[in-house]
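The values are calculated or read from the model by the stated rules, or taken from the named source; none is laboratory data. Remember, it's a predicted structure, so these values are computed and weren't measured experimentally. Every residue, glycine among them, receives a Cβ derived from its backbone with ideal geometry; neighbour counts consider all protein chains shown.
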Amino acid sequence: MVSRLLLCLLLLTCGPLHAASSPLMSASTWQDGPDVTRFWVSEKLDGVRARWDGRQLRTRTGSVIPAPVWFTRGWPVQVMDGELWIARERFDATSAIVRSNPARDDAWRQLRFMAFDLPVQPGTFSQRLAALQGVVEQSGNPHLALVEQRRLADTDSLHRHLRSVAAGGGEGLMLHHEDNPYRDGRSNGLFKLKLFEDAEARVIGYVPGKGKYTGMVGALLMETPQGLHFRLGSGLSDALRRTPPPVGSQVTYRYNGLTPNGLPRFPRFLRVRHANQ
């Protein structure tokens, strides 16, 4: 009897932490057709995905994020899924702050944890969202916020909202079906919608710059997971052209569909993808 009681206490204590290190729920790509009114729609934030395990922040791979103690003061014991975020088009700054160790208070004051789900809370997404709103409000910590969710009337409204978000520098939209349960891995009830597609490829070399880029990198030589090669120069800042991502780095790029040969059309550099993010 005592052994069973100890086992139950152990499971209750370790359950949320185990959930925090398991794979996060990920989205499929939205294709018009489903009833938009059955979905909650939010902006797809360009931040660093993270999970609060009830005691500390963790990356998508389970590594501990060394956030200052004051940043998470008053946060709930419930596991929360969300993004560490500063503002639109500030991913690089966010990533640098999250990766810094020890954490710098002045830098972390820019960040908020934008919560969008309660992974171990039972029920539909609508039910979890209502619970999450109460959890965030009770925390009283300005660095914990709720991702705004809205309902839209139809597909035309959805695409108008997408264009508005993109025009303001936003990355895109997320659509979460109201009845969707939380399941680790790719979900058939969670979708992303963007004006442009994006993907990752590996840096395998460099093309020397010409003209105003003489002495710098003109383009990165990239290799896709399928073994296809292409050049990536658009979107590189002067700083990156002077000090490019090392060979072997994973880079995220944006593109407009594929050529008949399977290569990305009009690829544009977005960011270096670090291992834990």
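Out of 258, 263, 232, 240, which single residue is touching a Ser or Thr at 6+ places or on another chain (Cβ under 9 Å) and without any contact (Cβ under 8 Å) to a residue 40 or more places away in the chain?
263
What strands (runs of 3 or more DSSP E) completely inside the range 14-131 contain at least 2 residues that are in the same structural domain as residue 168 (by TED's automatic domain parsing) and charged (D, E, K, R)?
So the answer is 48-52, 80-85, 112-117.
Only one of 157, 164 is exposed (fewer than 13 other Cβ atoms within 10 Å of the Cβ), assigned by TED's automatic domain parsing to the domain that holds residue 33 and not acidic (Asp, Glu). Can you tell me which?
Among 157, 164, only 164 is exposed (fewer than 13 other Cβ atoms within 10 Å of the Cβ), assigned by TED's automatic domain parsing to the domain that holds residue 33 and not acidic (Asp, Glu).
List the number of the failed condition for residue 234; all other conditions in (1) in a loop (DSSP other than H, G, I, E, B); (2) modelled with pLDDT of 95 or more; (3) in contact with a Pro (Cβ under 9 Å, 6 or more places away or on another chain) hold.
(2)
Would you confirm whether or not the range 182-190 contains a residue that is of a type in the set (Gly, Ala, Ser), modelled with pLDDT of 95 or more, surrounded by 15 or more Cβ atoms within 10 Å (Cβ to Cβ) and within 30 Å of residue 117 (Cβ to Cβ)?
yes
If residue 124 passes every condition in (1) more than 26 Å from residue 193 (Cα to Cα); (2) out of contact with any strand residue (DSSP E or B) (no Cβ under 6 Å at 6 or more places or on another chain) but one, which one does it miss?
(1)
I'd like the full set of residues that are assigned to a loop (DSSP other than H, G, I, E, B), closer than 17 Å to residue 89 by Cβ, over 14 Å from the mean Cα position of the chain (by Cα) and touching a residue at least 60 places away in the same chain (Cβ under 8 Å), limited to the range 149-199.
Listed by number, the residues that qualify are 168, 169, 196.
Check whether at least one residue in the range 79-99 is more than 19 Å from the chain's Cα centre (by Cα) and surrounded by 15 or more Cβ atoms within 10 Å (Cβ to Cβ), and report yes or no.
no
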